[in-house]
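Since the structure comes first, as structure tokens, the remarks are kept for the end.
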Amino acid sequence: MTVTVFVPGDSAALAVGADKVAAAIEREAKTRSLDVHVVRNGSRGLLWLEPLVEVRVDHHRIAYGPVRAADVPGLFDANFLEGGVHPLFQGQTRDIPFLARQTRLTFSRCGVTDPLSLEDYRRYQGLKGLEKAIAMAPADIVKQVTDSGLRGRGGAGFPTGIKWKTVLDAPGDRKYIVCNADEGDSGTFSDRMVMEGDPFVLIEGMAIAGLATGATKGYVYTRSEYPHAIRMMTAAIEIAREAGILGPSVMGSGHTFDMEVRMGAGAYVCGEETSLLNSLEGKRGIVRAKPPLPALQGLFGCPTVVNNVISLASVPVIMDRGAAFYRDYGVGRSHGTIPIQLAGNVKHGGLYETAFGLTLGELVYDIGGGTANGRPVKAVQVGGPLGAYFPPSLFDTIFDYEAFAAKDGLIGHAGIVVFDDTADMMKQARFAMEFCAVESCGKCTPCRIGSTRGVETVDRIARGIEPEKNRALLADLCNTMKFGSLCALGGFTPYPVMSAMTHFPEDFAPTPLVEAAE
Ligand SMILES: Cc1cc2nc3c(=O)[nH]c(=O)nc-3n(C[C@H](O)[C@H](O)[C@H](O)COP(=O)(O)O)c2cc1C
Ligand code: SF4
């Protein structure tokens, strides 16, 4: 009997030797004349266990990890093909606490299926949302998405259904769906995991968006640093096209929708939607003034939906299970689930999909297990490089859009980067300003000039030059950037800077290291 063994083909697993592990398993099976079929699945998102090898035994999955190629003969000796005990044995995959406690709606298939198998996709509820959407009027699809309470997962948290309605109602012969897969935020990888681990869910979400708004063409805009995601997405699109899911008549509906992947050069500002559209049009990635909104005049001047990967990938389950099903998860005005990405100095880093409503402390300590090196947690940065630093005294903050905004923070793309007590928050503040200076598109003065002045001001504080005056100057500069910048790159850089100054004032003192380095 053939035994199925799963070895993730996700970048995170590849980075720690998954290809070598897969080859070693195939080699060892051949040497021992055992019938083994290796499937390259996506990642389950338990990154500290990668490569996480799973074996199908009696309709269950038994997990071993982290597996190195050198462990493979020992795994065979321990009879892992029948779930044998070995030091890397993790028990049934679904019972691993990090996974067992999640609510996986958007990521239900990721790590479970062969990402390029349409058969697997259908077997695990795939295409049900699109089938239901095909039977509905566009306005009803939009209503269902609106009623679900889904808000954009790219950063701003704007209601997805309202954006779709604007595009549906906009006059225009051509309309577009643009998937923002630029994923520039530090500590985030959920978009990549979808594209590598369950690309059909994004295709299905985009096709539904096309039917709902009248758009006939979609683009997935991602970065050159994501070669595996680009390969998987491109292959999945071809498979979907051949199967009639994309093309002149989506699943025989008579509606046209096709899509392709476009690669950017990897500038943070190209994740900003108008800059992205410029880049997609072959122009320099510079921010456009709004209005006009992209929903009315977006790609090539046509009405355009710009949505993040996770927003679009969450739509199929909403169409399949209904608006109320999705809406019932979460708290306050933050409905549904969110794939939280734990990164930085954290013991159990990875992707944790859960309903909104856990506290930051639960996420960092109970789920993440604290720091990887065992040192005390000093701060977490939530929401990417423009997100605020939260000290442990704010760890009772509930993970939802409004609770974070109330504490001068943002959820962003739901990345949490953990820092231990050796982190120097003044250096982090300097880094925020420097990052803004490097990534600024240059269109507006507060960001273009302010960020460089910001770096200089932090340096003066570090050198002990009129520290009080320069701290006040830095705060003033942040205020100017916050209210005077054209987009959120300049507008939100003050968040990490001000939160570092507010919560860690003791770090804003002259640094011997800076002086020594000069
Ligand atoms: C500097 C900057 C970078 C951004 N980067 C991303 C990104 O990498 N991915 C993303 O989805 N949204 C990013 N955004 C947000 C987008 O402008 C936009 O709000 C989002 O794509 C809309 O999709 P959503 O409504 O589904 O979240 C960025 C915004 C700014 C200001
Ligand atoms: S804030 Fe910065 S990135 Fe945004 S438009 Fe102004 S210069 Fe460009």
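The values are calculated or read from the model by the stated rules, or taken from the named source; none is laboratory data. Everything numeric here is computed off the predicted structure, so don't read it as measured data. Using ideal geometry, Cβ is built from the backbone for each residue, glycine included, and neighbour counts are taken over all protein chains shown. Just the protein is used for accessible areas: all its heavy atoms, side chains included, with ligands, DNA and RNA removed. Shrake-Rupley method; radii C 1.70, N 1.55, O 1.52, S 1.80 Å.
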Per the list (1) in a helix (DSSP H, G or I); (2) in contact (Cβ under 8 Å) with a residue 12 or more places away in the chain; (3) within 16 Å of ligand 2 (Cβ to nearest atom); (4) closer than 28 Å to PRO171 by Cβ, residue check on CYS270 breaks on (4)
Fill in: Filter result for GLY111 (in contact with a Pro (Cβ under 6 Å, 6 or more places away or on another chain) and buried (at least 17 other Cβ atoms within 10 Å of the Cβ))
no
Counting only residues in segment 144-187 that are crowded, with 20+ Cβ neighbours inside 10 Å and among the β-branched types (Val, Ile, Thr), the one nearest to TYR401 (Cα to Cα) is identified as THR160
Taking segment 127-143 and the residues there that are open to solvent by less than 40 Å² (accessible area, probe 1.4 Å) and of a type outside the set (Gly, Ala, Ser), the one that is farthest from LEU211 (Cα to Cα) would be LEU127
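Residues being more than 30 Å from CYS110 (Cα to Cα) and either at pLDDT below 95 or of a type outside the set (A, V, I, L, M, F, W, C) (or both): count how many of those fall in segment 290-334.
Narrowing segment 290-334 to residues more than 30 Å from CYS110 (Cα to Cα): 290-303.
If we keep only those that are either at pLDDT below 95 or of a type outside the set (A, V, I, L, M, F, W, C) (or both) as well, we get 290-292, 294, 297-298, 301, 303.
Going through segment 290-334 one residue at a time, the tally reaches 8.
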For segment 69-87, pairs from a residue that is closer than 25 Å to ALA15 by Cβ to a residue that is open to solvent by 90 Å² or more (accessible area, probe 1.4 Å), with Cβ under 7 Å and 6 or more apart or across chains, are ALA69/LYS20
For segment 100-121, pairs from a residue that is touching a residue at least 60 places away in the same chain (Cβ under 8 Å) and under 17 Å from ALA63 (Cα atoms) to a residue that is polar (S, T, N, Q) and assigned to a loop (DSSP other than H, G, I, E, B), with Cβ under 6 Å and 6 or more apart or across chains, are GLY111/ASN41; GLY111/SER43
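Residue-by-condition table, conditions (1) aromatic (Phe, Trp, Tyr); (2) part of a loop (DSSP other than H, G, I, E, B); (3) farther than 19 Å from ALA289 by Cα; (4) within 16 Å of ligand 2 (Cβ to nearest atom):
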position	(1), (2), (3), (4)
VAL438	no, no, yes, yes
PRO446	no, no, no, yes
GLU456	no, no, yes, no
ASP459	no, no, yes, no
GLY464	no, yes, yes, no
ASN470	no, no, yes, no
LEU473	no, no, yes, no
THR480	no, no, no, yes
Within segment 252-267, of all residues that are within 14 Å of ligand 1 (Cβ to nearest atom) and in a loop (DSSP other than H, G, I, E, B), the one most open to solvent (accessible area, probe 1.4 Å) is ALA265
Test result for LEU75, out of contact with any Gly (no Cβ under 6 Å at 6 or more places or on another chain) and within 25 Å of HIS228 (Cα to Cα)
no
